[in-house]
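The values are calculated or read from the model by the stated rules, or taken from the named source; none is laboratory data. What you see is a predicted model; the values in this text were computed from it and never measured. Don't worry about glycine lacking a Cβ; one is built from the backbone with ideal geometry, like all the others, and counts go over all protein chains shown.
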Amino acid sequence: MQGLAGVAACSTVSGTGAAAPPRPYTPVFFNAAEWNFLLAACDRLIPADANGPGALALNVPRFIDQQMTMPYAQGAQWYMAAPFVQGPDNLGYQLPYPPRDLYRHGIAGMNAHAATRHARPFAALAPDVQDDLLRAAEGGKLVFGDVPSAAFFDQLLANVMEGAFSDPIHGGNTGLGGWAMLGFPGARADFMDWVDRYGVHYPLGSVSITGETA
């Protein structure tokens, strides 16, 4: 299991060719307690294993933090006027909180439950205990004031998946590791010769919008 530490791309020392130590990413939206939760939760949702890199190596927390500065996270394109009434599931999201506020309430709630049950914040708990709390949140069994824990978990999981498997231009999927794990060709201009070859491994590596290759 990876340690709970930020990951960032290495830079090269000018004139020497030697790689400088990676500089930890400094979040611009999340505070320290929120960031520690995010690192721990991302690591549990996509842990590194024999299949490929985990969420930390793919810089998923960085992706989520950067998304929180975008109009998306402020609900700029959502209809956010009252009344806010929780209706049937087919009506979709009905809370008064855009994603960035949902994170604030949800992370505070998760840490409060961790402190109440285990006298420590979420990030300081053993992995299996973290998993139990995440499962409880997913099942809607925790109470975060007027924020259903399942709504927060759904938001977190969706953003973790986006960070792991979107184009690296958005801040996650570092080194195209998520795509390489899936065998996804990425933004190649043409792979029509392969679309009907079911069950056959695609022989060429992934490529991003910027031209970066796996």
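What to note about this one:
- The set of residues in region 131-163 being over 16 Å from the mean Cα position of the chain (by Cα), of a type in the set (A, V, I, L, M, F, W, C) and farther than 18 Å from residue 97 by Cβ consists of 133, 136.
- Taken across region 155-171, residues that are free of Cβ contacts under 8 Å to residues at least 24 places away in the same chain and farther than 22 Å from residue 57 by Cα do not occur at all.
- Residue 134 meets the conditions (1) out of contact with any strand residue (DSSP E or B) (no Cβ under 8 Å at 6 or more places or on another chain); (2) without any contact (Cβ under 8 Å) to a residue 60 or more places away in the chain in every case but one. The failed one is (2).
- Candidate set from region 12-49 (those that are small (Gly, Ala, Ser) and either at pLDDT 95 or above or not in a loop (DSSP other than H, G, I, E, B) (or both)); member that is surrounded by the most Cβ atoms within 10 Å (Cβ to Cβ): 41
- The test for being closer than 18 Å to residue 54 by Cβ, outside any loop (DSSP other than H, G, I, E, B) and more than 19 Å from the chain's Cα centre (by Cα) holds for residue 128.
- Within region 188-214, the set of residues being in a loop (DSSP other than H, G, I, E, B), among the hydrophobic types (A, V, I, L, M, F, W, C), surrounded by 11 or more Cβ atoms within 10 Å (Cβ to Cβ) and modelled with pLDDT of 80 or more comprises 204, 209, 214.
- Qualifying residue in region 61-79 (condition: touching a strand residue (DSSP E or B) at 6+ places or on another chain (Cβ under 7 Å), closer than 15 Å to residue 154 by Cβ and not in a loop (DSSP other than H, G, I, E, B)): no
- Among residues of region 125-148 being within 25 Å of residue 63 (Cα to Cα) and modelled with pLDDT under 95, the one that is surrounded by the most Cβ atoms within 10 Å (Cβ to Cβ) is 147.
- Inter-residue pairs, beta-carbon under 7 Å, first on the phi < 0 side of the Ramachandran plot and in region 98-118, second surrounded by fewer than 19 Cβ atoms within 10 Å (Cβ to Cβ) and basic (Lys, Arg), 6+ apart: 114/120
- Applying the criterion of being among the aliphatic types (A, V, I, L, M) and crowded, with 19+ Cβ neighbours inside 10 Å to the residues of region 92-113, the residue that is nearest to residue 71 (Cα to Cα) is 102.
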